[in-house]
Amino acid sequence: MAKETAISLVCMRKVFALASLFLVSISSFVGCTKRSEDTPIHLLQPEEKLSFHELVHSVELIPLEFSEEFGFGEVEKVLAFDNKIFLLDPTFSKSIQAFDLNGKFLKRYKSFQETTIWDFVIDKDSGDLILYTLGKNFERFSPEGELLNSAKNLGSLAELILGENGNLLGYTGYSEIPGKGNFNLLSFSMDNLSLQETYLPFEDEPSITMDRVKNYAWSGSELFFTLPFSDEILILSEKGQVIKSILLDFDDRIFSVDQFNSSEGITEKPMTTGLDGLVYVQDKLLFHFDLGEIPQFRGIDLIKQKPFELVFESSAEGLMYQISMMGYMAESETGYLSIIDLDYLRPILRETEVVIPDYLQDVLDSEALFAILKVNLRD
């Protein structure tokens, strides 16, 4: 069965840019203080470089079972819970699909209206799935797939965020909340999914929607959170209040909303709209940002409060790690999980002469279209 995809033009450009950089390289081969006391962290040219391979303790690539009955076309989110892996396909199958840790299909969850699912979280106490769907609706399902309740949201949400203690937040993506105003972060009741509090007000709205893969990461009960066009990483309580922030310095290479919306946004030098793909691992915050159309991979040592550039080997695994960091990464106890689209990886590797590890070659030779990448990092 041919796979249908709905990857955005922006994402496609990122993949091509990354592939080009990889092929060229082959051929040439928190102890944070409040913002008022912060020294800005320079991200464009950090003094330290850290090999991503030195962070990796072990890696596992798990091909996912696929058939016409429960196939999917793209994966926008991956979560692990109760020895299961949950994947969100918002376009082709319009479903959340659950697999065991060996990649065997277990169950499919769909909106009771069979409409698009934009995002979902899993209640760690009950195992219930909370869906946010087309039409600004919340839907709660039991682990067995029974619809428990639903609710209408006042405004649009770009992302759902669930805290370690069960607090539900929503990122609006610079959307107005009717009757409330302009706020970027909301909190909801876990009982009836009603709106409780509003946070992070804004005045200027981008002229186009700025999609983010994952603009947050949890460290215990603290939430690292960043907005498009922002020169800081906010550290929030689990309920959404700002505790402190990390000030960033992009050397005047980050758009303001006004600049992005105006003709001033056309510049000779590559610019960025801010951070994306946040993941917290071993007292480090990893992320990427695009400078022009070229992805830049960075991290911050939260103990030393120093930035570093993430460097990847010119190898099959190096490319795979970079692709994983450009997608949704779900933190695990020992590292992170990510999804690898094998149909994008295969043609890139065919154009190279790199040695492919046996475990990766076995998966590439299979009929699988997607695989879960499980990366365990060193202590």
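The values are calculated or read from the model by the stated rules, or taken from the named source; none is laboratory data. This one's a predicted model, so the numbers in the text were calculated from it and none came from an experiment. Here Cβ is always computed from backbone atoms with ideal geometry, including for glycine, and neighbour counts include all displayed protein chains. What goes into the accessible areas is simple: the full protein's heavy atoms, side chains included, and nothing from ligands, DNA or RNA. Shrake-Rupley method; radii C 1.70, N 1.55, O 1.52, S 1.80 Å.
Rolling a 1.4 Å probe across the protein heavy atoms gives the chain an accessible surface of 46 Å² per residue. Computed from these coordinates, which is semi-axes √(5λ) of the Cα gyration tensor in Å: (i) 36, 25, 19; (ii) 29, 29, 20; (iii) 34, 28, 20? Looking at semi-axes √(5λ) of the Cα gyration tensor in Å for this model, the match is (ii).
Taking the Cα centre of the chain as origin, sum charge times position over the Cβ atoms of Lys and Arg (+1) and Asp and Glu (-1), and report the length of that vector in debye to the nearest 20. Mind showing how you got there, number by number?
Details: 32 positive and 61 negative charges, 74 e Å.
Taking the Cα centre of the chain as origin, the dipole is about 360 debye.
Residues in the range 202-218 carry Karplus couplings, in order, of 9, 10, 8, 10, x, 5, 10, 5, 9, 5, 10, 5, 6, 9, 8, 7, 9 Hz; the curve used is 6.51 cos²θ - 1.76 cosθ + 1.60 with θ = phi - 60°, and Gly or Pro positions show x. Is the C-alpha gyration tensor of the range 314-356 telling us rounded, prolate or oblate? Criteria: a/c under 1.5 is rounded; beyond that, a/b larger than b/c is prolate, otherwise oblate. Taking the square roots of the gyration eigenvalues as a ≥ b ≥ c, the range 314-356 is prolate. The label-point distance for VAL56 and ASP358, in a model that sets each label 7 Å from Cα toward Cβ, rounds to 1.7 nm. Between ALA151 and GLU313, the FRET efficiency from the beta-carbon distance, with R0 = 51 Å, is close to 0.60. Annotation: extensible slack from THR39 through SER219 equals 62.6 nm (criterion: 0.36 nm per residue apart, minus Cα-Cα distance). VAL242 to GLN282: extension gain in nm, 0.36 nm per residue of separation minus the Cα-Cα distance? Difference between extended and current length: 12.1 nm. Between LEU291 and PHE92, the simple label model (points 7 Å from Cα in the Cβ direction) yields a spacing of 3.5 nm. For the chain, the residue among VAL355, LEU160, ILE303 whose Cα projects farthest onto the positive side of the dipole built from Cβ charges is LEU160. Each residue of the range 117-131 is assigned a 3J(HN,Hα), and the resulting list reads 9, 7, 6, 7, 9, 10, 5, 5, 7, 9, x, 5, 9, 10, 9 Hz, derived from the Karplus form 6.51 cos²θ - 1.76 cosθ + 1.60 (θ = phi - 60°), x at Gly and Pro.
If you roll a 1.4 angstrom probe over the protein chains with everything in place, what fraction of the accessible area of the chain belongs to carbon and sulfur, to the nearest %? In the chain, the share of accessible area belonging to carbon and sulfur is 47 percent.
Annotation for the range 176-264: trypsin sites (Lys or Arg not before Pro) lying in DSSP loop with at most 16 further Cβ atoms inside 10 Å of their Cβ are LYS180, LYS239, ARG253. A straight chain from ARG253 to ASP204 at 0.36 nm per residue would run longer than the Cα-Cα distance by 15.7 nm. With a Förster radius of 41 Å applied to the C-beta separation of SER142 and GLU367, the computed FRET efficiency comes to 0.80. Think of the chain as a dipole: +1 on every Lys or Arg Cβ, -1 on every Asp or Glu Cβ, centred on the Cα centre; then among GLY145, GLY181, PHE81, GLY181 lies furthest on the positive end. Note on the range 254-316: the C-alpha convex hull projects to 5.9 nm² when averaged across all orientations.
Remark: the range 220-236, residue by residue, has Karplus-estimated 3J(HN,Hα) of x, 9, 9, 10, 7, 9, 9, 10, x, 6, 9, 9, 8, 9, 7, 10, 10 Hz, where x stands for each Gly or Pro and the curve is 6.51 cos²θ - 1.76 cosθ + 1.60 at θ = phi - 60°.
Can you work out the FRET efficiency for the pair THR267 and LYS306, with r the C-beta to C-beta distance and R0 = 41 Å, to the nearest 0.05? If you can, show how the numbers build up before the last one.
Details: r = 29 Å, r/R0 = 0.70.
After rounding to 0.05, the efficiency reads 0.90.
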